[in-house]
Structure formats: C-alpha cells, structure tokens
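Everything below concerns the one structure shown next.
Nothing in this text is a laboratory measurement; each read-out follows from the coordinates by a stated rule. As the structure is a prediction and not an experimental result, all values here were calculated from the model. Note: ideal-geometry Cβ built from the backbone for every residue, glycine included; neighbour counts use all protein chains shown.
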Amino acid sequence: MTSTILNGMFAEAPLIPSGYIGTLLAIAIALIFGLLSTRLMKVIGLPNVTGYLIMGLIIGPHALGLIGEDVLPSSGGGLQIVSTVALGFIGFSIGVEFKLSHIKEIGKSAITITFFQALAATLCVDLGLYALSFAWPDVMTPYEALILGAIATATAPAATLMVVRQYKAKGVVTGTLLPVVALDDAVGLIVFAISNSIALSLANSAAGISGGISVLDIVVWPILEIVCSLVIGLGVGALLSVVPRFFKSRDNRTIATIVCVFLSLGICQLFELFEEKGWMPFALSDLLVCMMAGATFVNMRKEAGVMMEGTDRWTPVVLMLFFILSGAELDVMMFADNALLIVCIIAYVVLRCAGKYFGTMAGAAVTRSDKKVRNYLGITLFPQAGVAIGMATMCKTEFAKEAAAATANGNIAAAELLSEVGANIVTVTMCAVLIYELIGPVLTKWALSRAGEISPENLRRRRKAEPVLATAGPDGSTVTEVGSDASSQQTAEQPASSDSSEAK
C-alpha cells in the first residue's frame, strides 16, 4: 500500500529534465519558493524551517524536479558550497551563545540538566536503535544507530521561544529552559564529533575497506580531531577579536565576521586535503571549529553582539537555501523500497523524546530543582531543526567521500553501503524534524500551561505575534525587546533576522 501511494506521488518523471536548470537559476527558484513558504507558515503558525523543508521536497529532483540532482550538494554540484557555508554559520552562531559570564549566572542546575538530558537522549537512541538493528539488520545498522544517537542531542530553541514570547510565559521552567537550549547544541556537537568518527571507522570495516578496527581509529584520532578543531577555532576567534581595534565601521566589522567563518571552513578543507593525501590521519570538524571561533570571539570582545547583528542580516538567505536544499535531497521513494524505514523514524522520535524527558527529570532531581522543572522542562526540549540537519548533512558528506574513494578503488559494494548510510541518516533526521516542528510548539504550550507559567488570560485569547527588536545591551550583548515600544523602532531588515533565528 505504501509503495503504491508513493509511486503514484513521486515516481513520475520530473517536470524539467536534469541539466536544464543551472546553479544560479536553481538558487532563484529555491529562494522564490522559500519566500512563499514563509507566508504559508505564518498563516499556519509553524516555524519557517518546516516550510523550507517541505518546499525543498516538492521542488526537488524526487518530486517536481525544478531543482535537478546535478546541482545538489550530495552530487557535488554547484550548490555544495551553500551547505558548507551554512554549516559554518550555524556552528559560529552556537558559539556566540556560549558566553562564560552568562554560564556563571545560570548556575550549576541548568548545566547539570543540560548534560543529563543530552546524554540520556544519546543513550536511549543508541540502545534502542542498536536493538532494532538485530531485528532488522537490513534497515538499521549499529553505526547508523551510533550517529543518530549523537544527532538526538540537538535541540531547536526557535519553536520553543516562539511560544514563550507569544503567551508571555514566566516562571522557573521558562527561566531554566532558555540557558539549557543555549548550552545543549554545544554538548551535542562534541558528542557528534566522537560518534561520527567511530561510526565511520565501523562502517569502513564492515565494507571491507580497512583491515580492522583499531584503538587509533575509534579513540585516539576522534579525540585529536576534537582537540585540534577547538585549538584552531580558538586561534581564529582570537584573531577576529583584534579586528574591532582597527575597523570601526559596521560594514567592515560584518565583513570581518564573515571572513572569520570562511577562514575556519577553508582551514578545515585544507586538513581534508592533507587527509586525502595521507599527510594527516584525521581531518577537522567544520562545526566545532566555527563554534569555538564564535565562543572565543564573544568572550574576548564586548562588541560581539553588535557585530553579530550585521552578520544576522546577511545569513538568512544562506540558511534558507540550506534547508530548502536539505529538503530537496530527501528521497521519499526510499520508503517505497523499504517501508520498515518508517519504523526506524518512529523509534528515533519516541526514543529521543523519552531520553530528553527522563534525562531532564534525573538532572533536576540531582540538583533538587523545582518540581515543575522535573515534570515539564523535558517536554519543551522536544523540537529539533537546524543543528540536527547540519549534523546529518555533514555525516552524509563524509560518508559520500569514503564512497567515492571506494568507487575509485573498484570496490562498488563498499561504495553502495557507505552511500546508503548517509542517505538513511539524512532521511530519518529530516522526517523526524518535520514531526518535531509540527508537534513541538503544541506540546511546549501545554507544558508551560500545566506549569502555571502562562496566565489564563493569555491562554483564552490568541495573541498576535509581537514585533521583536534586537538592540545592543550595555555589555555589547544582544538584547531582545518584545512589545509595542519595539514596534515603533523596528527596521525593515528585522524580519530577515527573525527568519534566521527560526531556521536555527
């Protein structure tokens, strides 16, 4: 039944044959449909990232074919640089949130809860999907379970913050929620860097590429990759922190911030080249290097918040393209060929939610937090979006490189196995993101309401989304104002910055 429905919807030939749409025209088409999706999502009341993914799926090569597979990042097309740059800015924006003075303010409670819920989500997904791999080894493998467990740590704050602002939620749960989501992705990136390296070694061994699994492959090189990524990110961030001394204009500082991200990504590509030539036993993590650069910069310069405002006006177009292209690469026909993949998606969603919820309860119990935090905070951490898709995309890229190397060596079977791993990870992650972004805001509203942090008055009548104004605080950090006072000062560029926040 599933196969019949999907074949009827997606098996027809695309409207435009592959090769007729060039890179620039594909960008224009993607942006046009992306803009249209923002209007639709505003009416429905869902985050923009949901609309981007759906639009990408519709106009992608596996549906209408307005964007051909030949230009997509997974095929090494002209749009591959878009994914690379977007991942860099996603990592950099996470690092900017990692301000030491803010971490000291939130105390040990939020930090402890962050580690408990992130690691519990990883453990639940790893064990659950690992058990599933024994029942259906053709659907799920141990190394895919390991990667999905790491991706499970990531949380998307945008949908949660949308509910908090719309219903003016206030209380102990809301106060704990905001710092937890800020720290969560930083923890997730480190877990992902380790898990992805180990999974790649296991997959190579299963494909018969390497002679076996060594301690160097699964322990030493992953740790060195993380350490070197953090050290290089530290250096790039320190270099950026010198810029405000010599360049005072907003435009020059914005350019310097963009150069910082590009420099970080360029160094990572240089290490990839060294690894391919056999000069280095490991490469660097794009996300970790950019995250550390952002964290170093924000802690060394008080002007970081003001400089990031200029960057936030530049990045929405890149992030929109990234999510649309991610949706375009989703091959729904995989479900027709293997309907059991739906079971994996459902298992991933349920296991991750269980890990987030019970991990939060455990962390709150250890820190003796308020009962409301133990009961309701975990529910508000269900949404997942940009960082998770970024991790999945990076995983697919690395496995695709290994597959290309196997093809060059004539090992076609190994190449097919490695390519399938990357495709499965992206499919499960993006389908899960669609589910989380649909149910996340509803569950967050319910949890905050049950915790008594949304007043009955705000629950009874639906409030219109209030304008948001980002201004520079006295310490150079970004301060968000919500309400009518901000409305009169809102600039034309502000909606773009809001879209960028939602995409993250």
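Quick notes on this structure:
- Hull volume in cubic angstrom per residue (convex hull over the Cα atoms of the stretch 75-459): 144 Å³
- Packing rank of 440-453, 396-409, where each peptide gets the mean count of other beta carbons within 10 Å, highest leading: 440-453, 396-409
- Area projected by the alpha carbon convex hull of the stretch 101-150, averaged over all directions, nm²: 3.7 nm²
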